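Visitor: First the structure, then my questions, so here it is.
The values are calculated or read from the model by the stated rules, or taken from the named source; none is laboratory data. For clarity, every value in this text was computed on a predicted model and none was experimentally measured. Counting neighbours? That spans all protein chains shown, and the Cβs are built from the backbone with ideal geometry, glycine included. Ligands, DNA and RNA are excluded from the accessible area calculation, which covers all protein heavy atoms including side chains. Shrake-Rupley method; radii C 1.70, N 1.55, O 1.52, S 1.80 Å.
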Amino acid sequence: MLMLPDFRVRQRDFLLEISRAITSQLDLGEVLRRVLHASVVMLGGQMGLIALRAPDGWFYVRAIRGLDSSLISKLNTHLHDLTTMVKEGADSDAFNEKLAEMATDIDPEVQQSVALPLVFANEPLGMMIVFRTYRSVATANDMQVLQSFADQAAIAVHNAQLYESINHERMRLEAILDQSADGVMILDANLTILRFNRALERMTGRDAKDVIGLHQDEVFEWEKLEQGDLQSAIDDGWPFTLAASDNQGTPLYVEGDLKRPDGLKISIGITYAPMFTTDGKITNIIANVRDITNFREAQEMQNTFISVVSHELKTPVAIIKGYAATLSRPDANWNPDVVRETLHVIEEEADRLTALIQDLLTASKLQAQRELQLDLGEVWLDEVVRRSVERFSTQTNKHQFVIHFPADFPSIQGDETKLRQVIDNLLSNAVKYSPNGGVIEVGGEVTDHLVKIYVSDSGVGLTKEDQGRIFERFYRVDGKLSRKTQGTGLGLYLARAIVEAHGGMIRVDSQPGQGSTFYFTLPRH
Ligand code: ADP
(Lines give C-alpha, C1' and ligand atoms only; values in the text may rest on other atoms or scores of the structure.)
Protein backbone atom coordinates (compact mmCIF):
# COMPACT_ATOMS: atom_id res chain seq x y z
CA MET A 1 0.00 0.00 0.00
CA LEU A 2 1.30 3.41 -0.91
CA MET A 3 -0.71 5.45 1.53
CA LEU A 4 -1.55 5.15 5.15
CA PRO A 5 -4.80 3.20 5.69
CA ASP A 6 -6.89 6.27 6.43
CA PHE A 7 -5.43 8.17 3.50
CA ARG A 8 -8.68 8.58 1.64
CA VAL A 9 -10.27 10.29 4.61
CA ARG A 10 -7.18 12.42 5.17
CA GLN A 11 -6.93 13.24 1.52
CA ARG A 12 -10.22 15.15 1.79
CA ASP A 13 -9.07 16.96 4.94
CA PHE A 14 -5.80 17.97 3.37
CA LEU A 15 -7.41 19.20 0.21
CA LEU A 16 -9.75 21.21 2.39
CA GLU A 17 -6.79 22.57 4.30
CA ILE A 18 -5.11 23.63 1.08
CA SER A 19 -8.20 25.37 -0.20
CA ARG A 20 -8.36 27.18 3.12
CA ALA A 21 -4.74 28.18 2.61
CA ILE A 22 -5.67 29.45 -0.82
CA THR A 23 -8.57 31.54 0.35
CA SER A 24 -7.34 32.72 3.73
CA GLN A 25 -3.61 33.22 3.32
CA LEU A 26 -1.81 35.75 1.21
CA ASP A 27 1.48 35.50 3.01
CA LEU A 28 3.71 33.46 0.72
CA GLY A 29 5.83 31.96 3.51
CA GLU A 30 2.73 30.78 5.36
CA VAL A 31 1.14 29.29 2.22
CA LEU A 32 4.33 27.35 1.47
CA ARG A 33 4.54 26.05 5.04
CA ARG A 34 0.94 24.82 4.98
CA VAL A 35 1.23 23.24 1.55
CA LEU A 36 4.46 21.48 2.49
CA HIS A 37 3.07 20.27 5.77
CA ALA A 38 0.01 18.82 4.01
CA SER A 39 2.13 17.16 1.29
CA VAL A 40 4.59 15.53 3.66
CA VAL A 41 1.85 14.12 5.87
CA MET A 42 -0.30 13.05 2.94
CA LEU A 43 2.55 11.18 1.31
CA GLY A 44 3.53 9.63 4.61
CA GLY A 45 6.96 11.23 4.23
CA GLN A 46 9.44 12.43 6.85
CA MET A 47 11.05 15.35 5.03
CA GLY A 48 10.21 17.69 2.21
CA LEU A 49 10.90 20.95 0.46
CA ILE A 50 9.27 23.45 -1.84
CA ALA A 51 11.44 25.25 -4.38
CA LEU A 52 10.15 28.21 -6.37
CA ARG A 53 11.33 29.41 -9.72
CA ALA A 54 13.12 32.77 -9.44
CA PRO A 55 13.11 35.42 -12.18
CA ASP A 56 16.52 34.06 -13.30
CA GLY A 57 14.79 30.78 -14.33
CA TRP A 58 16.41 28.59 -11.66
CA PHE A 59 14.70 26.91 -8.70
CA TYR A 60 15.55 27.86 -5.13
CA VAL A 61 14.41 26.31 -1.85
CA ARG A 62 11.75 28.48 -0.21
CA ALA A 63 10.36 26.09 2.45
CA ILE A 64 11.69 22.99 4.22
CA ARG A 65 10.23 20.46 6.61
CA GLY A 66 12.19 17.87 8.60
CA LEU A 67 15.42 19.15 7.04
CA ASP A 68 18.16 21.24 8.59
CA SER A 69 18.51 24.75 7.16
CA SER A 70 22.27 24.19 6.79
CA LEU A 71 21.35 21.86 3.89
CA ILE A 72 19.73 24.62 1.84
CA SER A 73 22.73 25.55 -0.28
CA LYS A 74 23.41 21.88 -1.03
CA LEU A 75 19.76 21.43 -2.00
CA ASN A 76 19.94 24.45 -4.29
CA THR A 77 22.93 22.92 -6.10
CA HIS A 78 21.01 19.66 -6.63
CA LEU A 79 17.99 21.63 -7.85
CA HIS A 80 20.25 23.43 -10.28
CA ASP A 81 21.49 20.08 -11.66
CA LEU A 82 17.93 18.73 -11.88
CA THR A 83 16.78 21.80 -13.79
CA THR A 84 19.72 21.57 -16.16
CA MET A 85 18.79 17.95 -16.90
CA VAL A 86 15.17 18.89 -17.62
CA LYS A 87 16.31 21.75 -19.84
CA GLU A 88 18.57 19.40 -21.75
CA GLY A 89 15.66 16.98 -22.27
CA ALA A 90 16.79 14.13 -19.97
CA ASP A 91 14.26 11.23 -19.64
CA SER A 92 12.37 10.45 -16.42
CA ASP A 93 14.68 7.57 -15.47
CA ALA A 94 17.70 9.82 -15.53
CA PHE A 95 15.73 12.45 -13.61
CA ASN A 96 14.68 9.93 -10.93
CA GLU A 97 18.23 8.71 -10.62
CA LYS A 98 19.44 12.26 -10.02
CA LEU A 99 16.64 12.76 -7.53
CA ALA A 100 17.67 9.60 -5.66
CA GLU A 101 21.25 10.86 -5.58
CA MET A 102 20.05 14.13 -4.06
CA ALA A 103 18.03 12.20 -1.45
CA THR A 104 20.94 10.02 -0.34
CA ASP A 105 23.19 13.04 -0.21
CA ILE A 106 20.98 14.78 2.31
CA ASP A 107 20.10 11.67 4.32
CA PRO A 108 21.32 8.09 3.58
CA GLU A 109 18.14 6.74 5.23
CA VAL A 110 15.88 8.10 2.47
CA GLN A 111 14.49 5.30 0.31
CA GLN A 112 12.16 7.16 -1.99
CA SER A 113 11.47 10.71 -3.17
CA VAL A 114 8.36 12.02 -4.88
CA ALA A 115 8.66 15.20 -6.94
CA LEU A 116 5.55 17.13 -7.93
CA PRO A 117 5.70 20.10 -10.29
CA LEU A 118 3.73 23.22 -9.28
CA VAL A 119 2.28 24.51 -12.54
CA PHE A 120 0.00 27.49 -13.05
CA ALA A 121 -1.36 28.45 -16.48
CA ASN A 122 1.20 26.16 -18.11
CA GLU A 123 4.02 28.01 -16.39
CA PRO A 124 6.25 26.09 -13.97
CA LEU A 125 6.09 27.98 -10.65
CA GLY A 126 8.13 25.57 -8.62
CA MET A 127 8.30 22.01 -7.35
CA MET A 128 7.58 20.05 -4.23
CA ILE A 129 9.76 17.11 -3.20
CA VAL A 130 8.81 14.74 -0.40
CA PHE A 131 11.37 12.24 0.98
CA ARG A 132 10.42 8.89 2.54
CA THR A 133 12.47 6.43 4.52
CA TYR A 134 10.55 3.49 2.97
CA ARG A 135 9.54 2.43 -0.52
CA SER A 136 6.05 2.09 -1.88
CA VAL A 137 4.35 2.03 -5.29
CA ALA A 138 1.75 4.62 -6.24
CA THR A 139 -1.43 3.73 -8.13
CA ALA A 140 -2.75 5.84 -11.00
CA ASN A 141 -5.55 7.11 -8.75
CA ASP A 142 -3.06 8.12 -6.04
CA MET A 143 -1.02 10.06 -8.58
CA GLN A 144 -4.16 11.79 -9.85
CA VAL A 145 -5.15 12.85 -6.33
CA LEU A 146 -1.62 14.07 -5.70
CA GLN A 147 -1.54 16.08 -8.92
CA SER A 148 -4.86 17.77 -8.22
CA PHE A 149 -3.50 18.61 -4.78
CA ALA A 150 -0.35 20.08 -6.35
CA ASP A 151 -2.49 22.11 -8.77
CA GLN A 152 -4.43 23.63 -5.90
CA ALA A 153 -1.18 24.36 -4.13
CA ALA A 154 0.10 26.06 -7.27
CA ILE A 155 -2.93 28.39 -7.27
CA ALA A 156 -2.29 29.30 -3.65
CA VAL A 157 1.38 29.93 -4.35
CA HIS A 158 0.59 31.97 -7.43
CA ASN A 159 -1.88 34.18 -5.52
CA ALA A 160 0.54 34.71 -2.67
CA GLN A 161 3.33 35.53 -5.11
CA LEU A 162 1.12 38.05 -6.88
CA TYR A 163 0.19 39.61 -3.59
CA GLU A 164 3.84 39.71 -2.58
CA SER A 165 4.88 41.42 -5.79
CA ILE A 166 2.05 43.97 -5.52
CA ASN A 167 3.09 44.61 -1.95
CA HIS A 168 6.69 45.07 -3.03
CA GLU A 169 5.65 47.46 -5.73
CA ARG A 170 3.53 49.39 -3.26
CA MET A 171 6.44 49.65 -0.82
CA ARG A 172 8.75 50.70 -3.62
CA LEU A 173 6.34 53.45 -4.68
CA GLU A 174 5.96 54.59 -1.07
CA ALA A 175 9.74 54.76 -0.72
CA ILE A 176 10.04 56.74 -3.95
CA LEU A 177 7.29 59.06 -2.78
CA ASP A 178 8.92 59.57 0.59
CA GLN A 179 12.43 60.02 -0.75
CA SER A 180 11.36 62.41 -3.49
CA ALA A 181 12.89 65.86 -3.10
CA ASP A 182 9.66 67.37 -4.41
CA GLY A 183 6.59 67.54 -2.27
CA VAL A 184 3.97 65.02 -3.31
CA MET A 185 0.39 64.88 -2.11
CA ILE A 186 -2.46 62.61 -3.15
CA LEU A 187 -6.02 63.87 -2.86
CA ASP A 188 -9.32 62.10 -3.34
CA ALA A 189 -12.05 63.53 -5.54
CA ASN A 190 -13.31 65.69 -2.62
CA LEU A 191 -9.82 67.21 -2.19
CA THR A 192 -9.24 65.35 1.05
CA ILE A 193 -5.57 64.62 1.65
CA LEU A 194 -4.75 60.90 1.46
CA ARG A 195 -0.96 61.10 1.32
CA PHE A 196 1.57 63.75 2.22
CA ASN A 197 5.23 62.92 1.70
CA ARG A 198 8.24 63.89 3.78
CA ALA A 199 9.49 66.64 1.49
CA LEU A 200 6.08 68.25 1.80
CA GLU A 201 6.21 67.94 5.58
CA ARG A 202 9.49 69.84 5.55
CA MET A 203 8.22 72.42 3.08
CA THR A 204 4.96 73.21 4.84
CA GLY A 205 6.07 72.64 8.42
CA ARG A 206 3.10 70.26 8.92
CA ASP A 207 3.14 66.60 9.98
CA ALA A 208 1.61 64.06 7.63
CA LYS A 209 -0.29 62.50 10.53
CA ASP A 210 -1.96 65.84 11.31
CA VAL A 211 -3.02 66.66 7.77
CA ILE A 212 -4.15 63.32 6.37
CA GLY A 213 -7.93 63.39 6.28
CA LEU A 214 -8.10 67.20 6.13
CA HIS A 215 -9.38 69.15 3.13
CA GLN A 216 -6.38 70.52 1.23
CA ASP A 217 -7.55 74.14 1.74
CA GLU A 218 -7.14 73.66 5.49
CA VAL A 219 -3.45 72.95 4.92
CA PHE A 220 -2.62 75.24 2.03
CA GLU A 221 -3.51 78.64 3.41
CA TRP A 222 -2.47 81.12 0.76
CA GLU A 223 -1.17 84.49 1.71
CA LYS A 224 -0.99 85.51 -1.93
CA LEU A 225 -2.09 83.61 -5.01
CA GLU A 226 -0.88 84.30 -8.52
CA GLN A 227 -4.10 83.25 -10.26
CA GLY A 228 -6.97 81.06 -9.09
CA ASP A 229 -6.60 78.06 -6.80
CA LEU A 230 -7.66 74.45 -7.31
CA GLN A 231 -11.22 75.00 -6.08
CA SER A 232 -11.87 77.91 -8.43
CA ALA A 233 -10.42 75.91 -11.34
CA ILE A 234 -12.78 73.03 -10.47
CA ASP A 235 -15.70 75.48 -10.32
CA ASP A 236 -14.71 76.53 -13.84
CA GLY A 237 -14.88 72.93 -15.04
CA TRP A 238 -11.31 71.70 -14.54
CA PRO A 239 -10.10 69.15 -15.53
CA PHE A 240 -12.74 68.72 -18.23
CA THR A 241 -11.55 71.61 -20.31
CA LEU A 242 -11.70 71.64 -24.09
CA ALA A 243 -8.03 70.81 -24.40
CA ALA A 244 -8.72 67.67 -22.41
CA SER A 245 -10.95 66.02 -25.00
CA ASP A 246 -8.81 62.88 -24.79
CA ASN A 247 -10.18 62.47 -21.24
CA GLN A 248 -6.68 62.71 -19.78
CA GLY A 249 -7.36 66.14 -18.27
CA THR A 250 -4.85 68.96 -18.36
CA PRO A 251 -2.64 69.45 -15.33
CA LEU A 252 -3.34 72.61 -13.37
CA TYR A 253 -0.56 74.88 -12.11
CA VAL A 254 -1.14 77.00 -9.01
CA GLU A 255 1.51 79.32 -7.60
CA GLY A 256 1.62 81.57 -4.58
CA ASP A 257 2.94 82.44 -1.14
CA LEU A 258 2.04 80.07 1.64
CA LYS A 259 1.59 80.82 5.34
CA ARG A 260 3.30 78.20 7.49
CA PRO A 261 2.17 77.52 11.05
CA ASP A 262 5.53 78.81 12.34
CA GLY A 263 4.96 82.14 10.57
CA LEU A 264 7.59 81.53 7.89
CA LYS A 265 6.55 82.47 4.40
CA ILE A 266 7.46 80.31 1.42
CA SER A 267 6.59 80.50 -2.25
CA ILE A 268 5.42 77.27 -3.81
CA GLY A 269 4.18 76.03 -7.17
CA ILE A 270 1.74 73.10 -7.26
CA THR A 271 0.96 71.00 -10.34
CA TYR A 272 -2.29 69.09 -9.95
CA ALA A 273 -2.78 66.07 -12.21
CA PRO A 274 -6.14 64.29 -12.24
CA MET A 275 -6.60 60.50 -12.38
CA PHE A 276 -9.76 59.02 -13.82
CA THR A 277 -11.78 55.82 -13.61
CA THR A 278 -12.44 54.07 -16.93
CA ASP A 279 -15.83 55.80 -17.12
CA GLY A 280 -14.21 59.22 -16.79
CA LYS A 281 -14.80 60.08 -13.12
CA ILE A 282 -12.02 61.62 -11.06
CA THR A 283 -10.61 59.14 -8.56
CA ASN A 284 -7.60 61.02 -7.30
CA ILE A 285 -5.58 64.16 -7.86
CA ILE A 286 -1.82 63.91 -7.61
CA ALA A 287 -0.21 67.16 -6.54
CA ASN A 288 3.45 67.86 -7.11
CA VAL A 289 4.66 70.72 -4.93
CA ARG A 290 7.84 72.73 -5.46
CA ASP A 291 9.46 75.26 -3.18
CA ILE A 292 10.16 78.20 -5.50
CA THR A 293 11.18 80.68 -2.79
CA ASN A 294 14.77 80.89 -4.01
CA PHE A 295 13.65 81.22 -7.59
CA ARG A 296 11.27 84.03 -6.66
CA GLU A 297 13.95 85.80 -4.63
CA ALA A 298 16.37 85.53 -7.53
CA GLN A 299 13.74 87.00 -9.84
CA GLU A 300 13.04 89.84 -7.42
CA MET A 301 16.77 90.46 -7.04
CA GLN A 302 17.15 90.63 -10.79
CA ASN A 303 14.34 93.19 -11.02
CA THR A 304 15.91 95.27 -8.24
CA PHE A 305 19.26 94.99 -9.95
CA ILE A 306 17.90 96.27 -13.23
CA SER A 307 16.02 99.17 -11.66
CA VAL A 308 18.93 100.15 -9.38
CA VAL A 309 21.48 99.95 -12.13
CA SER A 310 19.45 101.85 -14.65
CA HIS A 311 18.56 104.54 -12.13
CA GLU A 312 22.03 104.89 -10.65
CA LEU A 313 23.78 104.85 -14.01
CA LYS A 314 21.39 107.29 -15.61
CA THR A 315 22.04 110.12 -13.16
CA PRO A 316 25.82 110.55 -13.64
CA VAL A 317 25.53 109.93 -17.36
CA ALA A 318 22.91 112.65 -17.62
CA ILE A 319 25.11 115.05 -15.63
CA ILE A 320 28.17 114.32 -17.77
CA LYS A 321 26.14 114.69 -20.95
CA GLY A 322 24.59 117.99 -19.78
CA TYR A 323 27.89 119.54 -18.70
CA ALA A 324 29.75 118.37 -21.77
CA ALA A 325 26.97 119.73 -24.05
CA THR A 326 27.11 123.07 -22.27
CA LEU A 327 30.86 123.32 -22.62
CA SER A 328 30.76 122.48 -26.29
CA ARG A 329 28.12 125.03 -27.24
CA PRO A 330 29.57 126.87 -30.26
CA ASP A 331 27.85 130.15 -29.29
CA ALA A 332 29.34 130.32 -25.78
CA ASN A 333 32.67 131.59 -24.68
CA TRP A 334 33.30 130.19 -21.18
CA ASN A 335 35.80 131.70 -18.85
CA PRO A 336 38.59 129.31 -17.78
CA ASP A 337 37.29 129.00 -14.16
CA VAL A 338 33.87 127.82 -15.31
CA VAL A 339 35.51 125.39 -17.74
CA ARG A 340 37.73 123.97 -14.96
CA GLU A 341 34.80 123.63 -12.52
CA THR A 342 32.62 121.97 -15.14
CA LEU A 343 35.37 119.56 -16.14
CA HIS A 344 35.87 118.80 -12.43
CA VAL A 345 32.19 117.84 -12.09
CA ILE A 346 32.44 115.66 -15.20
CA GLU A 347 35.50 113.96 -13.75
CA GLU A 348 33.75 113.38 -10.41
CA GLU A 349 30.71 111.90 -12.06
CA ALA A 350 32.91 109.65 -14.23
CA ASP A 351 34.64 108.49 -11.01
CA ARG A 352 31.26 107.78 -9.47
CA LEU A 353 30.33 105.70 -12.49
CA THR A 354 33.58 103.76 -12.27
CA ALA A 355 33.06 103.13 -8.56
CA LEU A 356 29.51 101.99 -9.19
CA ILE A 357 30.58 99.61 -11.93
CA GLN A 358 33.34 98.32 -9.66
CA ASP A 359 30.81 97.70 -6.88
CA LEU A 360 28.54 95.81 -9.25
CA LEU A 361 31.42 93.65 -10.45
CA THR A 362 32.54 92.89 -6.90
CA ALA A 363 28.97 92.08 -5.87
CA SER A 364 28.51 89.74 -8.80
CA LYS A 365 31.80 88.01 -8.03
CA LEU A 366 30.71 87.55 -4.43
CA GLN A 367 27.39 86.23 -5.65
CA ALA A 368 29.26 83.60 -7.67
CA GLN A 369 30.68 82.51 -4.27
CA ARG A 370 34.16 83.63 -5.09
CA GLU A 371 36.29 84.82 -2.20
CA LEU A 372 37.18 88.46 -2.10
CA GLN A 373 40.85 88.88 -3.04
CA LEU A 374 42.77 90.97 -0.51
CA ASP A 375 45.94 92.84 -1.30
CA LEU A 376 47.51 92.81 2.19
CA GLY A 377 49.88 95.39 3.60
CA GLU A 378 50.40 97.52 6.67
CA VAL A 379 47.45 99.87 7.19
CA TRP A 380 47.18 102.80 9.60
CA LEU A 381 43.42 103.04 9.89
CA ASP A 382 43.55 106.30 11.86
CA GLU A 383 45.30 107.91 8.89
CA VAL A 384 42.82 106.44 6.43
CA VAL A 385 39.95 107.81 8.53
CA ARG A 386 41.51 111.27 8.75
CA ARG A 387 41.97 111.50 4.98
CA SER A 388 38.43 110.31 4.29
CA VAL A 389 36.93 112.75 6.79
CA GLU A 390 38.87 115.53 5.11
CA ARG A 391 37.33 114.65 1.76
CA PHE A 392 33.80 114.34 3.12
CA SER A 393 33.94 117.55 5.11
CA THR A 394 34.46 119.51 1.89
CA GLN A 395 31.19 118.03 0.55
CA THR A 396 28.86 119.13 3.36
CA ASN A 397 28.48 122.22 5.45
CA LYS A 398 25.60 120.90 7.58
CA HIS A 399 27.74 118.30 9.36
CA GLN A 400 30.58 118.55 11.86
CA PHE A 401 33.08 115.74 12.01
CA VAL A 402 34.76 114.77 15.26
CA ILE A 403 37.63 112.28 15.25
CA HIS A 404 38.78 110.27 18.32
CA PHE A 405 41.79 107.98 18.18
CA PRO A 406 44.09 106.99 21.04
CA ALA A 407 47.59 108.30 20.53
CA ASP A 408 49.21 104.92 20.02
CA PHE A 409 46.59 103.48 17.65
CA PRO A 410 48.36 100.49 16.05
CA SER A 411 48.64 99.58 12.39
CA ILE A 412 47.13 96.31 11.17
CA GLN A 413 47.59 93.95 8.24
CA GLY A 414 44.88 94.59 5.67
CA ASP A 415 43.87 95.73 2.22
CA GLU A 416 44.04 99.52 2.45
CA THR A 417 41.99 100.28 -0.67
CA LYS A 418 39.17 98.00 0.39
CA LEU A 419 39.19 99.19 4.02
CA ARG A 420 39.06 102.76 2.77
CA GLN A 421 36.00 101.75 0.75
CA VAL A 422 34.34 100.53 3.97
CA ILE A 423 35.15 103.73 5.87
CA ASP A 424 34.04 105.90 2.93
CA ASN A 425 30.77 104.04 2.74
CA LEU A 426 30.06 104.46 6.47
CA LEU A 427 30.92 108.16 6.29
CA SER A 428 28.88 108.68 3.15
CA ASN A 429 25.88 106.95 4.75
CA ALA A 430 26.27 108.99 7.95
CA VAL A 431 26.01 112.13 5.82
CA LYS A 432 23.24 110.86 3.53
CA TYR A 433 21.01 109.56 6.31
CA SER A 434 21.27 112.58 8.61
CA PRO A 435 19.69 115.11 6.26
CA ASN A 436 19.37 117.71 8.99
CA GLY A 437 23.09 117.67 9.64
CA GLY A 438 24.64 117.31 13.07
CA VAL A 439 27.76 115.83 14.54
CA ILE A 440 29.37 112.76 12.99
CA GLU A 441 31.79 111.07 15.34
CA VAL A 442 34.44 108.78 13.94
CA GLY A 443 37.02 106.98 15.98
CA GLY A 444 38.96 103.93 16.92
CA GLU A 445 39.47 101.72 19.94
CA VAL A 446 42.00 99.03 20.54
CA THR A 447 42.22 95.88 22.66
CA ASP A 448 44.87 93.16 22.87
CA HIS A 449 43.41 91.28 19.94
CA LEU A 450 41.46 93.71 17.82
CA VAL A 451 40.90 97.21 16.61
CA LYS A 452 37.49 98.77 16.33
CA ILE A 453 36.43 101.63 14.06
CA TYR A 454 33.08 103.36 14.58
CA VAL A 455 31.07 106.00 12.75
CA SER A 456 28.25 107.57 14.67
CA ASP A 457 25.62 109.97 13.37
CA SER A 458 22.52 111.67 14.75
CA GLY A 459 20.40 110.96 11.71
CA VAL A 460 17.19 109.08 10.95
CA GLY A 461 18.25 105.82 12.63
CA LEU A 462 17.03 102.34 11.84
CA THR A 463 14.32 100.01 13.11
CA LYS A 464 15.36 96.60 14.52
CA GLU A 465 13.95 94.90 11.44
CA ASP A 466 15.92 97.08 9.03
CA GLN A 467 19.08 96.64 11.10
CA GLY A 468 18.80 92.94 10.34
CA ARG A 469 18.55 93.54 6.61
CA ILE A 470 20.70 96.50 5.59
CA PHE A 471 23.75 94.28 5.00
CA GLU A 472 21.84 92.31 2.34
CA ARG A 473 22.59 92.84 -1.31
CA PHE A 474 20.52 95.72 -2.79
CA TYR A 475 18.59 96.24 0.43
CA ARG A 476 17.54 99.83 0.99
CA VAL A 477 15.17 100.99 3.70
CA ASP A 478 11.90 101.86 2.04
CA GLY A 479 11.18 105.45 2.93
CA LYS A 480 10.92 108.99 1.68
CA LEU A 481 14.55 109.71 2.49
CA SER A 482 15.97 106.66 0.70
CA ARG A 483 13.86 107.37 -2.33
CA LYS A 484 15.35 110.80 -2.81
CA THR A 485 18.85 109.73 -1.76
CA GLN A 486 21.15 108.16 -4.29
CA GLY A 487 22.28 104.67 -3.49
CA THR A 488 22.34 101.10 -4.70
CA GLY A 489 22.00 99.15 -1.46
CA LEU A 490 25.37 97.60 -2.24
CA GLY A 491 27.58 99.67 0.06
CA LEU A 492 26.97 97.83 3.33
CA TYR A 493 26.78 94.46 1.57
CA LEU A 494 30.30 95.01 0.21
CA ALA A 495 31.49 96.53 3.49
CA ARG A 496 30.47 93.38 5.32
CA ALA A 497 32.16 91.16 2.72
CA ILE A 498 35.39 93.16 3.01
CA VAL A 499 35.40 93.19 6.82
CA GLU A 500 34.62 89.47 6.98
CA ALA A 501 37.34 88.67 4.44
CA HIS A 502 39.71 90.32 6.97
CA GLY A 503 38.38 88.03 9.71
CA GLY A 504 36.37 90.79 11.35
CA MET A 505 32.72 91.73 11.77
CA ILE A 506 30.51 94.74 11.19
CA ARG A 507 27.50 95.76 13.28
CA VAL A 508 25.08 98.61 13.86
CA ASP A 509 23.50 100.09 16.99
CA SER A 510 20.57 102.32 16.26
CA GLN A 511 17.10 103.48 17.12
CA PRO A 512 14.68 105.17 14.77
CA GLY A 513 15.08 108.93 15.03
CA GLN A 514 18.05 108.60 17.40
CA GLY A 515 20.91 108.24 14.94
CA SER A 516 23.06 105.19 14.25
CA THR A 517 26.48 103.89 15.18
CA PHE A 518 28.12 101.56 12.71
CA TYR A 519 31.28 99.82 13.86
CA PHE A 520 33.57 97.14 12.62
CA THR A 521 36.32 95.18 14.29
CA LEU A 522 39.42 93.67 12.71
CA PRO A 523 41.91 91.27 14.25
CA ARG A 524 45.23 92.93 15.08
CA HIS A 525 47.30 89.99 13.93
P1 ADP B 1 22.84 102.79 -0.11
O2 ADP B 1 23.57 102.83 -1.38
O3 ADP B 1 21.38 102.68 -0.27
O4 ADP B 1 23.25 103.81 0.86
P5 ADP B 1 24.00 100.85 1.76
O6 ADP B 1 24.22 99.41 1.59
O7 ADP B 1 25.19 101.68 2.09
O8 ADP B 1 23.27 101.35 0.47
O9 ADP B 1 22.93 101.03 2.89
C10 ADP B 1 21.74 100.28 2.87
C11 ADP B 1 20.60 101.01 3.51
O12 ADP B 1 20.84 101.11 4.92
C13 ADP B 1 20.46 102.42 3.05
O14 ADP B 1 19.64 102.49 1.89
C15 ADP B 1 19.78 103.08 4.24
O16 ADP B 1 18.39 102.89 4.16
C17 ADP B 1 20.30 102.31 5.44
N18 ADP B 1 21.41 103.03 6.11
C19 ADP B 1 22.72 102.90 5.88
N20 ADP B 1 23.44 103.70 6.68
C21 ADP B 1 22.54 104.35 7.46
C22 ADP B 1 22.67 105.32 8.51
N23 ADP B 1 23.85 105.80 8.92
N24 ADP B 1 21.52 105.77 9.08
C25 ADP B 1 20.31 105.29 8.69
N26 ADP B 1 20.14 104.39 7.72
C27 ADP B 1 21.24 103.90 7.10
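Visitor: Mind checking which residues of the range 162-196 are of a type in the set (Ser, Thr, Tyr) and not in a helix (DSSP H, G or I)?
Guide: Hits for the range 162-196 are 180, 192.
Visitor: Shifting gears a bit: If you go through the range 168-187 one residue at a time, do you hit one that is touching a residue at least 24 places away in the same chain (Cβ under 8 Å) and more than 15 Å from residue 288 (Cα to Cα)? Write out each step before concluding.
Guide: Of all residues in the range 168-187, those touching a residue at least 24 places away in the same chain (Cβ under 8 Å) come to 182-187.
Those left that are additionally more than 15 Å from residue 288 (Cα to Cα): none.
Within the range 168-187, not a single residue is touching a residue at least 24 places away in the same chain (Cβ under 8 Å) and more than 15 Å from residue 288 (Cα to Cα).
Visitor: Test residue 332 against the stated conditions and say whether it is of a type in the set (A, V, I, L, M) and either open to solvent by 40 Å² or more (accessible area, probe 1.4 Å) or under 29 Å from residue 490 (Cβ atoms) (or both).
Guide: no
Visitor: Do we have residue 483 as touching a residue at least 12 places away in the same chain (Cβ under 8 Å) and surrounded by fewer than 20 Cβ atoms within 10 Å (Cβ to Cβ) here? Give the derivation first.
Guide: Numbers: touching a residue at least 12 places away in the same chain (Cβ under 8 Å): no; surrounded by fewer than 20 Cβ atoms within 10 Å (Cβ to Cβ): yes.
Here the answer is no, as residue 483 does not meet what is asked.
Visitor: Looking at 419, 494 in this structure, which one is under 35 Å from the mean Cα position of the chain (by Cα) and more than 7 Å from the ligand (Cβ to nearest atom)?
Guide: Details: 419 fails: under 35 Å from the mean Cα position of the chain (by Cα).
So the residue among 419, 494 that is under 35 Å from the mean Cα position of the chain (by Cα) and more than 7 Å from the ligand (Cβ to nearest atom) is 494.
Visitor: Give the range 497-525 a look and list any residue that's β-branched (Val, Ile, Thr) and within 8 Å of the ligand (Cβ to nearest atom), or say none. Working first, answer last.
Guide: Here is the first cut: in the range 497-525, the residues β-branched (Val, Ile, Thr) are 498-499, 506, 508, 517, 521.
Matches in the range 497-525: 508 only.
Visitor: Within the group 313, 376, which residue is of a type outside the set (Lys, Arg) and without any contact (Cβ under 8 Å) to a residue 40 or more places away in the chain?
Guide: Details: 313 fails: without any contact (Cβ under 8 Å) to a residue 40 or more places away in the chain.
Unique residue meeting the criteria: 376.
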